[in-house]
Structures are given as structure tokens and as C-alpha cells.
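The values are calculated or read from the model by the stated rules, or taken from the named source; none is laboratory data. None of the values given here were measured: they were computed from a predicted structure. In this analysis, Cβ positions are derived from the backbone assuming ideal geometry, glycine residues included, and neighbour counts consider all displayed protein chains. Keep in mind that these areas ignore ligands, DNA and RNA; they rest on the heavy atoms of the full protein, side chains included. Shrake-Rupley method; radii C 1.70, N 1.55, O 1.52, S 1.80 Å.
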Amino acid sequence: MEKKKFKIAIVGRPNVGKSHLFNRITGGRKSIVEDVPGVTRDRLYAETEFFGKKALFIDTGGIASDNEGLFSKSIRVQAQMAIEESDAIIFVIDGIAGITAHDEDVLALLRKTHKPVIVAINKMDLEKQRGDFSEYYSLGVEHFFPVSSMHGDGIADLLEHLCTIAPDDDKEELKMPPKVAIIGRPNVGKSTILNKLLGKERSLVSDIAGTTLDALDSQINGVCFIDTAGIKRKQKELETVEKYARIRTENAVDRAEICLIVIDASAGVTAQDKKIFTEVVAARKGCIFYINKWDTIEKTQKEHLMRRMEEILPEAKHLPCLVGSALHDKELKGLFEMIERVHENYHRRITTGQLNNFMERILQENPPPVIGTRRLRIYYLTQGSTAPPNFVLFVNYPDLMPNSYKRYLHNRFKEAYDFLGIPLTFYMKAKKSSRKKAKA
């Protein structure tokens with residue numbers, strides 16, 4: 001059983017430094033930080049440990065008035081949802097600007113939750129922390145801490161207080177859910193897929209490409225989904241925020257075990273889809289394709305799309321591919337079953353004995369070729385690791401292995417063992433003292 005995580009929402013009006021504080025506490029630039037109000041549009045999750053306690057921090061978009069921008073209403077909804085699911089709230093105030101009427105309105109909203117509220121007076125370095133804070137007593141909040149998210153001043157005192165309200169950690173070991181990153185070009189329906197799975201608006205959905213900027217985590221039916229910004233071609237990344245969004249997507253792929261690559265059926269398979277797939281293979285992640293908006297094209301177009309996919313992504317022909325409409329399907333058929341299967345393959349281990357029985361059969365059917373006066377000898381095959389799985393083939397001379405025989409071994413291995421959705425890696429290693437190693 002997975003224990004319930006202690007959740008802390010970081011909220012406040014726009015541009016008070018919530019994302020800086022989130023990144024300072026969680027130990028990295030997991031949230032996009034720019035001096036532009038409203039940059040954090042979705043809520044962002046990151047688990048961290050402090051003073052022996054574990055907690056899940058939630059960064060949110062600034063709670064703004066409805067007339068303060070295109071996304072203000074949706075951002076407000078996202079922040080309120082984060083407040084509802086949290087166990088405690090860090091309310092961030094700009095220490096330079098002081099208390100504003102907007103701050104008082106947000107605090108009134110927080111009081112209605114009847115949850116612990118800690119005020120973080122941000123942008124206060126050590127010298128400013130020696131000043132007079134009597135004006136903040138007017139907020140009627142028992143606990144407030146002057147901090148500098150930029151320099152780290154006062155953060156330890158804030159976290160130490162959080163320890164006093166955090167529940168005791170259970171000694172029960174957590175069962176880690178599969179981590180699935182939803183990736184693809186902008187506006188192919190990634191956030192729509194996540195919202196359909198959740199049954200509510202977890203990510204912002206807009207017809208404007210690139211609405212989702214951060215990488216977001218949501219646990220659904222025992223699976224941790226990471227929604228990401230759309231990956232654009234680098235020459236089109238003209239804005240700093242979009243460059244950061246690409247970095248967040250790359251980090252999401254690094255954190256994930258499986259990548260769900262979403263393709264827009266109405267746009268067809270593009271060179272950018274191939275580039276995204278190549279990046280997933282290079283990262284050695286499990287892979288599932290989902291062709292979205294399948295209902296928007298005719299039968300002949302569907303046949304053309306699948307042929308086009310084989311042309312552009314020939315390496316993907318043995319990978320699972322689901323089709324559907326995230327907008328209209330009541331459920332994404334077969335997705336969770338496929339994730340479970342690929343996840344099992346990602347962690348699958350085959351014994352050395354089983355692998356050697358396999359190699360014995362293969363060598364009897366088709367022995368290695370003779371190159372000149374030398375013959376390639378294959379001694380044994382073993383699995384090096386799992387997650388992702390890789391295999392080591394011990395031979396006498398790795399340079400004697402022709403590419404045609406490599407492909408033969410790969411194909412026979414795929415026939416013998418079900419590693420659907422997993423990019424397998426084979427290494428050749430010399431058994432002699434030279435220990436030459438080459439990637440097959």
C-alpha cells in the first residue's frame with residue numbers, strides 16, 4: 001500500500017517569488033522562473049526531504065484577478081485545486097512591496113480552508129530580516145517567516161516549523177508507481193489525455209499551442225503521469241520561457257520509465273515526431289505511441305497515416321501503438337493495460353541459464369560466419385541490468401561480429417522474449433584479457 005504524502009501548497013498573488021521558493025526548497029529548477037507574472041500556469045509537484053521528513057510541495061500559478069490576463073481564471077482554478085488537496089499552505093508575500101489589498105483577499109480565501117497557513121515574507125535578505133515586522137501581525141497569522149528564496153536566508157527556519165506539523169513517517173516501504181511522461185509536439189492533445197484520465201481539469205487546455213509550460217505529476221490508477229510542454233524545433237524557441245519548457249520536458253523524460261508519444265492524426269506523422277522518438281530511444285525509455293484525434297480523419301487517411309508512420313518511424317514497428325480520441329472517448333482503451341505490460345518489461349530479468357539455452361539453440365541453427373581465417377566464437381549471454389534492460393554478449397573478438405549477424409541475433413531475441421515497448425541494448429565484450437567492449 002502506498003501511504004498518503006504530506007502535501008504543502010505554495011500560493012500567493014503573481015510574481016511574489018513562489019516558484020523561486022519552490023525551487024529553493026526542492027533543490028532544483030523544477031519550476032520555470034521568469035520575471036513575468038503568471039509564468040507558472042499549472043500546478044507543479046516535487047517531493048523532497050527536509051530534517052528527516054518527506055513532503056510533496058505544490059507550486060501554483062499566482063492567484064490573480066480575472067481581468068489580469070488570458071489565463072488568470074484558469075490559473076485561479078488550478079491554485080484553488082492545489083489548496084484543496086494540500087495539508088498545509090505556505091502563503092508568500094512580497095517583502096519589498098509589503099502587504100497589499102490583494103494579499104488580504106487571498107489570505108481570506110485561505111482562512112476558509114481551516115488548514116495550517118504559514119506566511120513566507122519573501123525577498124528579505126539577512127539585513128532586512130533584522131527589521132521591524134510589526135505590520136505583519138495585522139494579518140492575524142500566528143506563524144510568519146522572513147525568507148529570501150533567491151539567497152536561501154530563513155528557509156531552514158520555515159522548514160523546521162513545517163516539521164512540527166508534518167505527520168510521522170510510516171516505516172512502511174512505498175511501492176513506486178510506474179512513471180509515464182506524456183510527450184509530443186505542441187497542441188497534439190497531451191493535456192486533454194491527462195484531463196480525460198483524471199475526469200477533471202488537471203492541466204490547462206487551450207487552442208493555443210504551448211499552454212502547458214511545466215512538467216506536471218498526477219497519480220491515476222497506480223500510474224504517475226507527467227504532463228509536459230510540447231517539444232518545438234529549437235529554431236522556433238524564440239522565447240526564454242519556451243526554452244525553459246523544453247528543458248522541463250527533457251527532465252520529465254529523464255524521470256520517466258515510459259514515454260507516451262502523442263501524435264496528431266489530423267496533422268500526420270512529421271519529422272519532429274521522429275526526432276522526439278529518437279530522443280526517447282537515446283534515453284533508453286519504454287515507449288508507447290498514442291495517435292490522437294483518430295476520429296477526425298477518413299478511412300483512407302488512416303491507412304495512409306499508418307504507412308507514413310512505417311516510413312518515417314521504421315524502428316517503431318515493433319512498439320505498441322494505440323489509436324483514439326482523447327476528447328471524445330469515454331476512456332482511453334487499453335492504455336493502462338499497455339503501461340502495465342511495458343513497465344513489467346522495463347524491470348524484467350532473464351536468468352543467465354535461460355539466455356544460454358537460447359544462445360545454444362541459435363548457434364545450432366545458424367553458426368557465426370568465418371571472417372578470413374578467424375571464426376567468431378560466442379561464449380555466453382547475460383543480462384547486465386534492468387530498468388532499462390541491457391545484455392552483454394561475451395565473445396572472442398567483437399570486431400568479427402558483422403552487422404547482418406547482429407540483426408539476426410536481435411530479431412531472434414525479440415521473437416523469443418516479450419520485451420514489447422522496450423528499446424533493448426546489447427553489448428559485446430571480449431572474454432580475453434584485452435576486454436575490448438563494443439555496443440552492438
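Residues that are surrounded by fewer than 13 Cβ atoms within 10 Å (Cβ to Cβ) and aliphatic (A, V, I, L, M) within the range 364-379 comprise just one, VAL370. For the range 96-107, check the following and say yes or no: at least one residue is open to solvent by less than 30 Å² (accessible area, probe 1.4 Å), touching a Pro at 6+ places or on another chain (Cβ under 6 Å) and not charged (D, E, K, R). The answer is no, given that none of the residues of the range 96-107 is open to solvent by less than 30 Å² (accessible area, probe 1.4 Å), touching a Pro at 6+ places or on another chain (Cβ under 6 Å) and not charged (D, E, K, R).
Which residues, taken from the range 421-440, are modelled with pLDDT of 85 or more, under 17 Å from GLN383 (Cβ atoms) and in a loop (DSSP other than H, G, I, E, B)? Passing the criteria: only ILE422.
Is it the case that the range 111-119 has a residue that's in a helix (DSSP H, G or I), out of contact with any Leu (no Cβ under 8 Å at 6 or more places or on another chain) and at pLDDT 80 or above? Checking the range 111-119: at least one residue is in a helix (DSSP H, G or I), out of contact with any Leu (no Cβ under 8 Å at 6 or more places or on another chain) and at pLDDT 80 or above.
Per the conditions (1) surrounded by fewer than 21 Cβ atoms within 10 Å (Cβ to Cβ); (2) at pLDDT 55 or above, the sole criterion not satisfied by ASN67 is (2).
With respect to GLY28, is the statement that it is more than 22 Å from HIS151 (Cα to Cα), at pLDDT below 80 and open to solvent by 10 Å² or more (accessible area, probe 1.4 Å) true?
Values: more than 22 Å from HIS151 (Cα to Cα): no; at pLDDT below 80: yes; open to solvent by 10 Å² or more (accessible area, probe 1.4 Å): yes.
Judged against the criteria, GLY28 is not a match.
Among residues of the range 83-97 that are in contact (Cβ under 8 Å) with a residue 40 or more places away in the chain, those with a beta-carbon under 6 Å from a residue that is of a type in the set (Phe, Trp, Tyr) and open to solvent by 10 Å² or more (accessible area, probe 1.4 Å) at least six positions away or on a different chain give the pairs ASP87/PHE6.
Scanning the range 31-60 for residues that are at pLDDT 70 or above and charged (D, E, K, R), we see that the one that is least open to solvent (accessible area, probe 1.4 Å) is ASP59. The condition of being of a type in the set (A, V, I, L, M) and on the phi > 0 side of the Ramachandran plot holds for only one of ALA416, ALA387, ALA326, that being ALA387. Here GLY189 fits the description: open to solvent by less than 70 Å² (accessible area, probe 1.4 Å) and at pLDDT 85 or above. Among the residues making up the range 380-402, those that are assigned to a strand (DSSP E or B) and surrounded by 14 or more Cβ atoms within 10 Å (Cβ to Cβ) are TYR380, LEU381, THR382, GLN383, ASN390, PHE391, VAL392, LEU393, PHE394, VAL395.
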